[in-house]
1. What's the total number of residues in the range 63-94 that are touching a Cys at 6+ places or on another chain (Cβ under 9 Å) and crowded, with 17+ Cβ neighbours inside 10 Å?
2. Within the range 226-267, track down each residue that is exposed (fewer than 15 other Cβ atoms within 10 Å of the Cβ), touching a residue at least 24 places away in the same chain (Cβ under 8 Å), among the charged types (D, E, K, R) and over 19 Å from PRO189 (Cα atoms).
3. For the subset of the range 130-157 comprising residues that are surrounded by fewer than 16 Cβ atoms within 10 Å (Cβ to Cβ) and modelled with pLDDT under 90, which member is farthest from ALA112 (Cα to Cα)?
4. Give the residues of the range 240-281 that are part of a helix (DSSP H, G or I) and either under 14 Å from LYS224 (Cβ atoms) or among the acidic types (Asp, Glu) (or both), sorted by residue number.
5. For residues that are surrounded by 12 or more Cβ atoms within 10 Å (Cβ to Cβ) and on the phi < 0 side of the Ramachandran plot, scanning just the range 158-169, find the one that is modelled with the highest pLDDT.
6. I want to confirm something. Restricting to the range 29-60 and keeping residues that are exposed (fewer than 15 other Cβ atoms within 10 Å of the Cβ) and modelled with pLDDT of 70 or more, which single residue is farthest from LEU16 (Cα to Cα)?
7. Working only within the range 282-298, note down all residues that are part of a helix (DSSP H, G or I) and in contact with a helix residue (DSSP H, G or I) (Cβ under 7 Å, 6 or more places away or on another chain).
8. If THR104 meets every condition in (1) surrounded by fewer than 23 Cβ atoms within 10 Å (Cβ to Cβ); (2) part of a helix (DSSP H, G or I); (3) at pLDDT 90 or above apart from one, which number is that one?
Amino acid sequence: MNITMEQVGYHDLPELQKLFTESFSGEVNPSHIKRRIKYMRQFYYFFRPFTRISPWAKNLFNLYVIKYNGTIGGFCQVSYINTQKLHLDYIAVCKQFRGQGLGTWALRKLLAEIADVNNLDVVLEVKSGNPAYHLYKRLGFFTHAHILQYEKTFEPNYATLVPPLLPGLRRLEDVDRNQLYELYRNILPEKLQRNIKQDYQRFNPSLFVRNLDWIKNRLMKKIKREFVVAIDKKIIASLEIHSCPKTASHIINVMLHSDYENLRKSLFSYALYLLRKKYKSGTAITTIYNDNIRKQQTLDKLGFSKQKNYHLMVRHPKPESKKIPITPKIMTCPEKRFTPTAKRGNSGNC
């Protein structure tokens, strides 16, 4: 029996696409998955050299396949929130291998040989009710917060196609990036500061990385729009809209200083105005921390509906723990269907 976990290679992508699609089609739009793998195959050799320069290029290739006697039996994908925080994006195991320890083996290997050795915290989101929640608890994860995902299907409504009044709203400029990071630090709940705070470079990347990101979006036919709201030259809110026209899905991200919570409705209304004006119809998706009932009330009033509830779980490194060898009791089976052992909670991104 030969079980390995290795970084994905170009030749693994066709089988990976099948595994990903069958594992997560109930949670993620299958067209998103097909496009993701398609673009990864199409631009594999173009983006691979930039993994040491660009954070998103690095995270794109942090994809590992679990192989049993050379056959893909599962996969996991990770990304780096910052230099000390590792995010577990996805993990899935073939159906014929479930219940035999392969998923647990892969997780323990990831935790021991990547997270603990490098003294990294590991962060993940798991949907409420997912049996994997109990596995994560046994492996040392604990619930740190709850995340709510809201969606709204919009149709053309020309009678109300009027932009809301938002004094101080303008396009994001490069000079705003320092203030944008300060806004992020100020609004992030205190108990999450240690566990999920992103690096400054996420908000103020180099000119080269910004140009590379622009090229990536052009190649993958994605559109990103960024706005800020400034009062007395101080940025008190930001609005990001990430659009995938091919799949008619749009991610709305809002950062808002708590003193200006009354502007949340106007910010989302403006985002919906822009989406209706340009795309006529589609689905708008957003996520919020379950830390302020006013956020939920605002989204309810705008016609968003709560779709999913996730546990945000964190595990701190255990550098002195002994590595316990795990040998899954794998049984051969001709069946080739796949089902997930766990999933990334915030998976609406194109």
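1. Qualifying residue count, the range 63-94: 14.
2. Selection gives LYS234, LYS246.
3. ASN157
4. ASP259, GLU261, ALA271, LEU274, LEU275, LYS278, listed by residue number.
5. Restricting to residues being surrounded by 12 or more Cβ atoms within 10 Å (Cβ to Cβ) and on the phi < 0 side of the Ramachandran plot, the top hit is LEU169.
6. Filtering the range 29-60 for residues that are exposed (fewer than 15 other Cβ atoms within 10 Å of the Cβ) and modelled with pLDDT of 70 or more, the one farthest from LEU16 (Cα to Cα) comes out as ARG52.
7. Result: ARG294, LYS295, THR298.
8. The number of the failed condition is (3).
The values are calculated or read from the model by the stated rules, or taken from the named source; none is laboratory data. Note that the coordinates shown come from a computational prediction; the quantities given were computed from them, not determined experimentally. Glycine gets a Cβ as well: all are built from the backbone with ideal geometry, and neighbour counts include every protein chain shown.
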